[in-house]
Amino acid sequence: MKRLKSAILGVGIIAGVLGFAPKLFADATSHLEKAAAYEQKATDLDAVIAEHKAMEKAGMTDKTPASTRQKMEKHCDAIIAATTKLQSEYRSFAAWHKLQANEEKGK
């Protein structure tokens with residue numbers, strides 16, 4: 001029984017080391033990749049913002065009832081504000097990952 005416990009403990013330790021080691025070595029190269037991914041996500045959100053600004057303009061005609069215009073404005077403004085905030089967060093994450101990559105290079 002003692003031998004079985006030792007074997008299970010040994011396998012657990014080896015599995016833990018093998019599971020942690022790739023993360024240890026992957027972080028150095030992945031910060032620049034993560035920064036690029038966050039920059040791309042922020043850039044992709046430009047299309048969402050433009051779409052809702054255009055949608056908001058298109059819904060603002062003299063023939064559109066005031067209640068419908070108010071709903072359209074509320075919908076578009078909320079999405080534009082949330083998307084702008086998310087875009088800012090993505091750009092902050094990208095800057096942080098660039099900083100981490102530079103620190104790991106020794107700069």
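The values are calculated or read from the model by the stated rules, or taken from the named source; none is laboratory data. Note that the structure is a prediction, hence the values are computed from the model and not measured. Here the Cβ is made from the backbone with ideal geometry for all residues, glycine too, and neighbour counts use every protein chain on show.
Brief remarks on what is shown
- Leading residue by the ranking (modelled with the lowest pLDDT) among those in segment 77-107 that are within 16 Å of E33 (Cβ to Cβ) and hydrophobic (A, V, I, L, M, F, W, C): A101
- Residue within segment 56-76 that is assigned to a helix (DSSP H, G or I), surrounded by 11 or more Cβ atoms within 10 Å (Cβ to Cβ), modelled with pLDDT under 85 and in contact with a His (Cβ under 9 Å, 6 or more places away or on another chain) present: yes
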